[in-house]
Amino acid sequence: MASYDVIVIGSGPGGYVSAIRCAQLGFKTACVEGQNALGGTCLNVGCIPSKALLHASHQLHEAQHNFAKMGLIADNPVVDWTKMQGYKSEVIEGNTQGIEFLFKKNKIDWLKGWATIPSVGKVLIGDETHTAKHIIIASGSEPSTLPGIEIDEKIVVTSTGALALDKIPKKMIVIGAGVIGLELGSVYARLGAEVEIIEFLDEITPGMDVEIQKNFQRILKKQGLKFTMGAAVQSVSVNDKIAKVNYLKRKKDTEHEVEADVVLVATGRKPFTDGLGLEALGIAITAGGQIETDNHYSTNISGIYAIGDAITGPMLAHKAEDEGMAVAEVLAGQAGHVNYGVIPGVIYTHPEVASVGLTEEQLKETNHNYKVGKFSFMGNGRAKANFASEGFVKIIADVTTDRILGAHIIGPMAGDLIHEICVAMEFGAASEDLARTCHAHPTYSEAVREAALACGNGAIHS
Ligand code: NAI
């Protein structure tokens with residue numbers, strides 16, 4: 001038994017970042033993790049491994065489609081799936097060990113095992129009870145599947161199983177055209193699988209700027225992904241290693257059946273709070289199953305805090321990280337603030353999709369007078385040279401004040417480009433501020449400046 005100032009439960013991006021910031025602020029800190037490695041879903045079975053496979057499969061795509069155009073002869077590149085999985089594992093290991101190093105550096109104890117909170121100020125792991133002045137729950141989320149669908153992580157898989165398939169499937173059905181479905185669907189399509197995405201709604205990536213949605217779907221179709229839209233999956237059954245997916249076309253009310261060797265269920269995630277003992281403690285939970293917190297991440301029970309996927313808001317690693325730092329600062333008597341209006345969202349397909357702030361649709365709903373500046377990567381020299389001229393940057397600004405209200409990008413390195421606009425928004429910048437900022441030539445970021453120019457007197461290269 002040991003006593004701490006802070007015990008953080010969970011070592012994902014929310015938990016480990018929070019533990020580090022707590023230690024930096026002078027708290028004696030421990031972090032509980034029941035898995036064999038630190039890093040949570042993101043590092044072990046989420047963001048990081050998926051990016052490794054996205055990178056590898058994109059290289060294959062480049063070799064197949066663009067190498068010859070540049071005079072690079074690499075006929076018939078083949079995929080060594082075992083080696084690709086090995087590369088993915090090395091990437092994971094490098095990252096998780098990095099956190100172990102950071103824990104040692106910051107003198108944070110890793111308490112191995114699964115935590116329960118028997119009472120305020122106590123954390124039980126196995127048969128050991130530790131005490132802490134403050135407990136931060138950063139227990140993350142888990143896939144939420146559909147009723148009646150049994151996940152075996154071999155044939156009917158969540159993102160976890162999809163990252164570690166025995167072999168590349170001939171046909172893969174993805175249920176849900178959200179972030180996970182499109183990223184992993186892209187991976188397997190590039191690796192040669194026939195990929196069909198079945199989506200309940202009539203558009204992909206719900207909540208995203210509609211113009212981006214439409215262009216994104218068109219580009220993905222061109223890449224070979226097949227979409228069945230407006231279709232509610234009813235059931236999945238497996239017989240003789242073949243999965244059958246039954247769905248209902250919502251408008252026509254007709255029933256359909258399709259077969260595949262792998263079915264990826266990517267219909268969202270839900271908070272993972274099993275075993276923490278929240279009910280016995282009387283911790284308030286929202287209707288959506290998230291832990292209820294106030295503006296300072298405190299639950300209704302004093303001394304117990306919660307952050308990340310386990311509470312409300314977008315389930316994003318970087319949102320959890322920000323909350324992890326903020327709660328540590330709150331405990332240290334500092335401000336601890338997260339600006340929820342400026343949290344970027346990125347989809348790491350090729351091209352990437354990134355957005356921040358408000359969409360046109362949201363602005364229309366509130367009758368907000370806005371203007372739009374748009375610039376296509378077709379007019380960007382660097383993008384043209386790199387066979388990456390598909391897509392555009394769209395900046396939305398207030399019609400009167402010119403203040404940037406949102407930005408939506410589909411195109412090369414969109415996930416990096418968006419941050420220039422995030423910083424601008426944090427500073428309350430006008431589109432003119434971006435437009436007057438000198439951008440190096442030739443870079444993709446010139447497209448951001450051109451979109452800002454298009455909010456004013458006009459872009460130069462369109
Ligand atoms: P999602 O919420 O993004 O998308 C789920 C999709 O499934 C929706 O389009 C929904 O309409 C559809 N769906 C639901 N029920 C259905 C049914 N019966 N039949 C057909 N379609 C159905 O969820 P996703 O992709 O599973 O991601 C989970 C979470 O993980 C999200 O919060 C996401 O933001 C996060 N994530 C973020 C990543 C990133 O930032 N790049 C990468 C991966 C995940």
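The values are calculated or read from the model by the stated rules, or taken from the named source; none is laboratory data. Not measured: the values here are computed from a predicted model. Reconstructed Cβ throughout: ideal geometry from the backbone, glycine too, with neighbour counts over all protein chains shown. Keep in mind that these areas ignore ligands, DNA and RNA; they rest on the heavy atoms of the full protein, side chains included. Shrake-Rupley method; radii C 1.70, N 1.55, O 1.52, S 1.80 Å.
Among residues belonging to segment 294-307 that are in a loop (DSSP other than H, G, I, E, B) and over 22 Å from the mean Cα position of the chain (by Cα), point out the one that is surrounded by the most Cβ atoms within 10 Å (Cβ to Cβ).
The residue in question is THR299.
Can you list the helices (runs of 4 or more DSSP H) found entirely within segment 136-234 that contain at least 3 residues being over 30 Å from ALA19 (Cβ atoms) and open to solvent by less than 60 Å² (accessible area, probe 1.4 Å)?
179-190, 210-222
Out of ALA231, ALA260, which single residue is away from the ligand (no atom under 14 Å from the Cβ) and either at pLDDT 95 or above or under 23 Å from ASN339 (Cβ atoms) (or both)?
Exactly one of ALA231, ALA260 is away from the ligand (no atom under 14 Å from the Cβ) and either at pLDDT 95 or above or under 23 Å from ASN339 (Cβ atoms) (or both), namely ALA260.
For segment 264-274, does any single residue satisfy the condition of being surrounded by fewer than 22 Cβ atoms within 10 Å (Cβ to Cβ), among the aromatic types (Phe, Trp, Tyr) and either touching a Gly at 6+ places or on another chain (Cβ under 7 Å) or not in a strand (DSSP E or B) (or both)?
The answer is yes; a qualifying residue exists.
Quick check: is even one residue across segment 308-321 surrounded by fewer than 22 Cβ atoms within 10 Å (Cβ to Cβ), more than 14 Å from the ligand (Cβ to nearest atom), in the same structural domain as ASN44 (by TED's automatic domain parsing) and not in a loop (DSSP other than H, G, I, E, B)?
No, segment 308-321 contains no residue that is surrounded by fewer than 22 Cβ atoms within 10 Å (Cβ to Cβ), more than 14 Å from the ligand (Cβ to nearest atom), in the same structural domain as ASN44 (by TED's automatic domain parsing) and not in a loop (DSSP other than H, G, I, E, B).
Which condition from (1) away from the ligand (no atom under 16 Å from the Cβ); (2) over 30 Å from VAL8 (Cα atoms); (3) in a loop (DSSP other than H, G, I, E, B) is the one that GLN334 breaks?
If we test GLN334 against (1) away from the ligand (no atom under 16 Å from the Cβ); (2) over 30 Å from VAL8 (Cα atoms); (3) in a loop (DSSP other than H, G, I, E, B), just (2) comes out false.
Within segment 361-462, which strands (runs of 3 or more DSSP E) (wholly inside it) include 3 or more residues that are open to solvent by 20 Å² or more (accessible area, probe 1.4 Å) and small (Gly, Ala, Ser)?
So the answer is none; nothing clears 3.
Hey, could you check segment 330-373 for residues that are among the acidic types (Asp, Glu) and in contact (Cβ under 8 Å) with a residue 60 or more places away in the chain and say which is nearest to ALA429 (Cα to Cα)?
Out of the qualifying residues, it is GLU360.
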